[in-house]
Amino acid sequence: MLAQGFSISRRTATAATTAAATSLRWRLQPTYNRPLSSTSSESSSESSPTTESDEDQQHLIERLKRKQAKAAAKAKAKRQKFLGLAKAVDRGQFSVTYQPGGPNGDAFQNKSGLPTLSLPFTVLGIESSCDDTGAAVVRSDGIILGEALASQAEIHEEWGGVVPGLAKTAHEENLDQVIELALSRANLTIDEVDAIGVTVGPGLEICLRVGCNRAKELAIQHKKPFVGIHHLEAHILMARLENPDLQFPFLSLLVSGGHCQILKCMGIGRYSVIGGTLDDSLGEAFDKTARLLGLPVGGGGGPAVEKLALEGNRTAVPLTVPLLQRKDCDFSYAGLKTNVRRAAEKLVMERGVELPSELPRGDKADIAASFQHIAIRHLEHRLKRAISNVEDEEIKTLALVGGVAANMELRSRLEELCENHGWSLAVPPPRLCTDQGAMSAWAAVERLKLGSSDEPDGQDVYARYPFSLSAENNQDS
Ligand code: KG4
Ligand code: ZN
């Protein structure tokens with residue numbers, strides 16, 4: 001999916017900042033600036049440092065400084081409170097957390113609703129958490145029998161980001177067709193599938209609701225077991241669909257449009273976030289870089305940046321690796337994004353063009369390659385730390401998952417990193433890294449195999465849906 005929201009264009013932002021500064025100056029002038037800067041003889045005779053009005057001014061300036069310091073401290077405290085929360089790094093603040101197996105993850109009820117788990121079964125999976133409507137039928141041995149995906153890339157392209165209302169309407173328009181197509185490709189009818197799985201969070205609430213409501217209707221109408229899927233767990237579990245030997249526990253690097261996390265994966269429903277982003281996700285950083293360079297962003301800007309980066313020199317634009325001094329496993333991409341924008345603006349001046357999107361292709365390729373290189377370097381740095389954190393545990397595998405895991409440069413660099421540490425890398429094929437229906441179906445297979453399903457009637461959707469075990473584990477991260 002694409003990162004949500006829109007950036008104000010550089011010109012608009014500059015104009016807005018200048019206007020704000022002007023209006024602030026204007027408001028300050030009557031109290032401070034005018035007497036201090038006055039040059040008239042009348043006012044200079046009145047402006048000896050000992051006059052009452054100067055003391056008043058001094059007093060007011062002090063008061064303003066104190067007020068500003070107080071506001072800055074308040075903002076800092078607020079930021080610290082929400083640090084890491086931006087992308088749902090759970091530090092214990094959420095009322096709804098994902099815990100299908102109960103707080104310890106070991107309390108599954110034997111209520112999958114399937115007559116037997118000893119025979120192969122099939123699941124229809126539905127995914128509508130953001131801008132792709134996906135459905136697939138997956139068999140319990142991991143074979144994808146049929147799948148269909150309606151991309152909304154063209155709809156969102158002209159807006160430069162996902163517009164939730166448009167995404168919801170497109171899901172409503174496409175969902176039934178997508179489900180029918182997946183079923184017909186699997187050569188099954190809805191009555192012939194054994195269960196239904198659907199993404200219920202995290203994601204865009206109005207989009208999640210479209211898929212969830214339809215899945216609930218189908219489950220109730222056709223009397224099928226129903227499983228509400230955690231989108232991030234579904235990304236993680238895709239690594240097991242393609243690598244049946246991948247056993248818990250393992251580490252996971254989840255890099256998507258909405259998330260950037262390192263997780264310790266102990267079992268189905270048992271994930272501990274050991275590092276999260278303090279601001280932007282990696283997918284968001286790719287999307288913003290694509291937008292800056294005027295590349296297509298409709299289906300996510302990452303693929304366009306990756307393609308252009310192949311033509312560029314990755315050391316041409318000097319950029320700094322974020323958080324090098326921090327001793328935890330958290331990420332930050334906001335600073336890198338700003339550095340990339342500044343570097344592009346410098347080139348804009350040098351080349352005498354108006355905008356970064358008008359730079360010569362060679363410059364844009366250098367920016368793309370340098371950004372990608374440093375963005376991955378940041379991941380490598382944090383992963384090395386995470387790997388050393390679990391040194392004493394039996395973990396020796398890294399699963400690379402989420403939309404950005406489709407990036408070939410990232411895949412090969414992490415392959416090398418794992419090799420150097422005696423680890424193995426498990427990564428789904430690129431087309432199964434990004435959002436699609438098979439992820440919901442396979443995650444449901446995994447839960448059903450443990451004898452667990454949900455009540456369709458009571459199932460809600462959750463825009464924020466953090467893993468429940470993360471708070472305690474974040475204490476020492
Ligand atoms: O997992 P995903 O499909 O949706 C979310 O759950 O967020 O991830 C989409 C993100 C987008 O930001 C997109 O630009 C990025 O994954 N992405 C890539 C590549 N393919 C998709 N980023 C870098 N290189 C790629 N090849
Ligand atoms: Zn996703």
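Laboratory data are not the source of any read-out in this text; all were calculated from the coordinates shown. Computed from a predicted model, the values in this text were never measured in an experiment. Every residue, glycine among them, receives a Cβ derived from its backbone with ideal geometry; neighbour counts consider all protein chains shown.
Structure above, values below:
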quantity: Label-point separation, ASN187 to GLU350 (7 Å along Cα→Cβ), nm; calculated: 6.0 nm
quantity: Computed E for LEU64/THR338 - FRET, C-beta separation, R0 41 angstrom, nearest 0.05; calculated: 0.90
quantity: Residues GLU394 and ARG326, FRET efficiency given R0 of 35 Å [Cβ-Cβ distance, rounded to 0.05]; calculated: 0.85
quantity: Signed unit charges on C-beta, dipole axis of segment 139-182, positive-most listed residue LEU175, GLN152, GLY142; calculated: GLY142
quantity: Whole-Å semi-axes of the ellipsoid equivalent to segment 164-216 (Cα gyration tensor, √5λ, descending); calculated: 22, 13, 7
quantity: Using alpha carbons only: equivalent-ellipsoid semi-axes of segment 254-393, gyration tensor based, whole Å; calculated: 31, 15, 12
quantity: Space enclosed by the convex hull of the alpha-carbon atoms of segment 184-272, per residue, Å³; calculated: 127 Å³
quantity: Pairs of Lys in segment 254-393 closer than 13 Å at Cα, counting only those 8 or more apart or on different chains; calculated: 4
quantity: Loop-located GluC sites (Glu not before Pro) in segment 327-391, at most 16 other Cβ atoms within 10 Å (DSSP); calculated: GLU354, GLU391
quantity: Simple label model, 7 Å out from Cα along Cβ direction - ILE155 to LYS74, nm; calculated: 4.1 nm
quantity: FRET efficiency, 1/(1 + (r/R0)^6) with R0 56 Å, evaluated for GLU55 and ARG361 via beta carbons; calculated: 0.35
